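Here's the structure we're looking at; comments come further down.
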Amino acid sequence: MISKRLEILHELVPKAETIALLVDPNYFRAETELRELDIGGQALGQKVIVFKAGSDREIDAAFTAIAQAKVSAMLVGLGAFLTGQRHQIVQLVALHKIPAIYIGRQYTEADGLMSYGASPSDAYRRAGVYVARILKGEKPSDLPVELPTKFDLVINLRTAKALGLTISPALIAPDEVIE
């Protein structure tokens, strides 16, 4: 997922010299995220700098370092802490005028530029199918684990305009546009 988000960000801001990743070091998949980003960054020939934040104070410190590094685009990593701090993060991203991509639509609804992640409505639908199967007598342990198959790209045009970005429909066809 993070490699795909990096690819979308690179398509939107192809001249970005340095891309930042804000990651919660306490998130259980943080190391996996970093490995995937390293592979994706190498494939695109893109320099990516990692900034870690696991507390409110660390978010502020990370953005001070991001500003000093003259980052030209940004990815925000996974995890409940970062999602919980989305308003603070989106405000700091806007303050520094950095095009950023996030994991979920809740960021774009909070005025983040764009998000790409598993479709919540599809996940809820699939969960309902599993509940129905269990109610019909299937054992939960016999049901296969499913990975997401539907992903949503959401773009906030107000934020794009504020950043001076033009979103070309030919470049990316979002699933939803917030105007």
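The values are calculated or read from the model by the stated rules, or taken from the named source; none is laboratory data. What you are looking at is a predicted structure, and each value in this text was computed from that prediction instead of being measured. Cβ atoms come from the backbone with ideal geometry, glycine included; neighbour counts cover every protein chain shown.
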Within the stretch 40-77, the count of residues that are touching a Pro at 6+ places or on another chain (Cβ under 9 Å), among the small types (Gly, Ala, Ser) and surrounded by 20 or more Cβ atoms within 10 Å (Cβ to Cβ) comes to 2
Determine, yes or no, whether Leu78 is in a loop (DSSP other than H, G, I, E, B), in contact (Cβ under 8 Å) with a residue 24 or more places away in the chain, of a type outside the set (D, E, K, R) and under 21 Å from Arg105 (Cα atoms). yes
In the set Ala118, Ala100, Ala80, which member is loosely packed, with under 13 Cβ neighbours inside 10 Å and within 13 Å of the chain's Cα centre (by Cα)? Ala80
Report yes if Leu92 is crowded, with 16+ Cβ neighbours inside 10 Å and touching a Phe, Trp or Tyr at 6+ places or on another chain (Cβ under 6 Å), otherwise no. yes
Pick from Arg86, Arg125: which is among the basic types (Lys, Arg) and loosely packed, with under 13 Cβ neighbours inside 10 Å? Arg125
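Is it true that some residue in the stretch 49-56 is in a loop (DSSP other than H, G, I, E, B), at pLDDT below 90 and either assigned by TED's automatic domain parsing to the domain that holds Ala162 or among the charged types (D, E, K, R) (or both)?
Step one: filter the stretch 49-56 for residues in a loop (DSSP other than H, G, I, E, B), giving 53-55.
Checking which are at pLDDT below 90 leaves us with none.
Checked the stretch 49-56: no residue is in a loop (DSSP other than H, G, I, E, B), at pLDDT below 90 and either assigned by TED's automatic domain parsing to the domain that holds Ala162 or among the charged types (D, E, K, R) (or both).
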Give me the pairs, please: first residue somewhere in the stretch 1-26 and under 20 Å from Lys70 (Cα atoms) and of a type in the set (D, E, K, R), second residue anywhere and outside any helix (DSSP H, G or I) and modelled with pLDDT of 85 or more, beta-carbon distance under 7 Å, and either six or more positions apart or on two chains. Glu17/Ser72
Which numbered condition in (1) outside any loop (DSSP other than H, G, I, E, B); (2) in contact with a strand residue (DSSP E or B) (Cβ under 7 Å, 6 or more places away or on another chain); (3) not acidic (Asp, Glu) is the only one that Ser3 fails? (2)
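Out of Ala61, Ala65, Ala43, I need the residue that is among the aliphatic types (A, V, I, L, M), more than 17 Å from the chain's Cα centre (by Cα), modelled with pLDDT under 90 and assigned by TED's automatic domain parsing to the domain that holds Leu6. Which one? Break it down into steps so the answer makes sense when it comes.
Values: Ala61 fails: modelled with pLDDT under 90; Ala65 fails: modelled with pLDDT under 90.
Just a single option satisfies the conditions, and that option is Ala43.
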Output the helices (runs of 4 or more DSSP H) that fall wholly within the stretch 86-156 and possess 1 or more residues being in the same structural domain as Ala65 (by TED's automatic domain parsing) and within 23 Å of Glu11 (Cα to Cα), or say none. 86-95, 105-109
